[in-house]
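So the structure is just underneath, and the comments pick up after that.
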Amino acid sequence: MAITTCVFDAYGTLFDVAAAARQAAAEPGFEALADKWPELANHWRLKQLQYTWLRAVADTHCDFWDVTQDGLDWALEAVSLQGDNTLRQRLLDLYWELQAFPEVPEMLKALKEGGMQTAILSNGSPPMLDGAVQSAGIGDVLDDVLSVESVGVFKPHTSVYDLVQNRFGCARNEVLFVSSNGWDAAGASGYGFVTAWVNRAGEPMDRLPWKPAHVLSDLTTIPQLAGL
């Protein structure tokens, strides 16, 4: 069946999760972060994800903002910057206005002009996602923004992927699901979506029962993969 619906993970896929640390490091007053921001950004993202997995298997769901803050606190301590409350607050504030990757606006515009349904499917809470979408200025090229908060469990639980069919009424193999997380793309492949893993960092393939159908270095060719 032809692709009718293109669905994107948000953080790391459409929005640059390293942007908050990178921007803060360039601002006056945060010189201590200048040489540490890449390490902090990596720690922050990894712990944020690890805490979602642990909460999912332990059935202790919480708002994504909570695991975002918990992950940052771990990361700050890991790079010996714990206790700098001004820096902590600045990083959290910047997370609400993450930059989109450069190719995102034109890619989404091409999908919409080609008649595709488009959406975000994210662990993020609705307020967080609204802030990111508004900051990036991409709300007019998205049909919906779907959050795990409506099912109360983080990815890759199958009930999260169910949200796409429930919203758009499409068959699983009519969905092109795009994520920068290899485990997310793998989980969506097992669910039955056509998947694309955006592997910007050139990481190895995750050793999981399923694999993404496509591996990309950025989002530029998504319209072609969708059949446009």
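The values are calculated or read from the model by the stated rules, or taken from the named source; none is laboratory data. Everything numeric here is computed off the predicted structure, so don't read it as measured data. When we count neighbours, we look across all protein chains shown, and the Cβ atoms used for this are built from the backbone with ideal geometry, even at glycine. Ligands, DNA and RNA are excluded from the accessible area calculation, which covers all protein heavy atoms including side chains. Shrake-Rupley method; radii C 1.70, N 1.55, O 1.52, S 1.80 Å.
Looking at this structure, is SER150 more than 23 Å from THR221 (Cβ to Cβ) and either modelled with pLDDT of 95 or more or in contact with a His (Cβ under 6 Å, 6 or more places away or on another chain) (or both)?
Values: more than 23 Å from THR221 (Cβ to Cβ): yes; either modelled with pLDDT of 95 or more or in contact with a His (Cβ under 6 Å, 6 or more places away or on another chain) (or both): yes.
Against the criterion (more than 23 Å from THR221 (Cβ to Cβ) and either modelled with pLDDT of 95 or more or in contact with a His (Cβ under 6 Å, 6 or more places away or on another chain) (or both)), SER150 qualifies.
Of all residues in the stretch 109-118, count the ones that are in contact with a helix residue (DSSP H, G or I) (Cβ under 7 Å, 6 or more places away or on another chain) and in contact (Cβ under 8 Å) with a residue 40 or more places away in the chain. Show your work before the answer.
Initial filter on the stretch 109-118 (in contact with a helix residue (DSSP H, G or I) (Cβ under 7 Å, 6 or more places away or on another chain)): 109-112, 114, 117-118.
Now drop any that are not in contact (Cβ under 8 Å) with a residue 40 or more places away in the chain, which leaves 110-111, 114, 117-118.
Of the residues in the stretch 109-118, 5 are in contact with a helix residue (DSSP H, G or I) (Cβ under 7 Å, 6 or more places away or on another chain) and in contact (Cβ under 8 Å) with a residue 40 or more places away in the chain.
Determine whether ALA201 is at pLDDT below 95 and closer than 17 Å to PHE101 by Cβ. Reasoning before the result, please.
Working: at pLDDT below 95: yes; closer than 17 Å to PHE101 by Cβ: yes.
In short, yes.
If GLU27 satisfies every condition in (1) in a loop (DSSP other than H, G, I, E, B); (2) open to solvent by 50 Å² or more (accessible area, probe 1.4 Å) but one, which is the exception?
(2)
Checking the condition open to solvent by 60 Å² or more (accessible area, probe 1.4 Å), of a type outside the set (Asp, Glu) and part of a helix (DSSP H, G or I), which residue from GLN50, GLN82, GLN89 passes? Spell out how you get there, then give the answer.
Details: GLN50 fails: open to solvent by 60 Å² or more (accessible area, probe 1.4 Å); GLN82 fails: part of a helix (DSSP H, G or I).
Unique residue meeting the criteria: GLN89.
Is the stretch 3-18 home to any residue that is under 20 Å from SER179 (Cβ atoms), part of a helix (DSSP H, G or I) and either open to solvent by 20 Å² or more (accessible area, probe 1.4 Å) or touching a residue at least 12 places away in the same chain (Cβ under 8 Å) (or both)? Write out each step before concluding.
We begin by selecting, within the stretch 3-18, every residue under 20 Å from SER179 (Cβ atoms); these are 3-18.
Keeping just the survivors that are part of a helix (DSSP H, G or I) gives none.
No, every residue in the stretch 3-18 fails to be under 20 Å from SER179 (Cβ atoms), part of a helix (DSSP H, G or I) and either open to solvent by 20 Å² or more (accessible area, probe 1.4 Å) or touching a residue at least 12 places away in the same chain (Cβ under 8 Å) (or both).
What about LEU40, is it within 13 Å of the chain's Cα centre (by Cα) and either closer than 23 Å to LEU76 by Cα or of a type in the set (Phe, Trp, Tyr) (or both)?
Numbers: within 13 Å of the chain's Cα centre (by Cα): no; either closer than 23 Å to LEU76 by Cα or of a type in the set (Phe, Trp, Tyr) (or both): yes.
Judged against the criteria, LEU40 is not a match.
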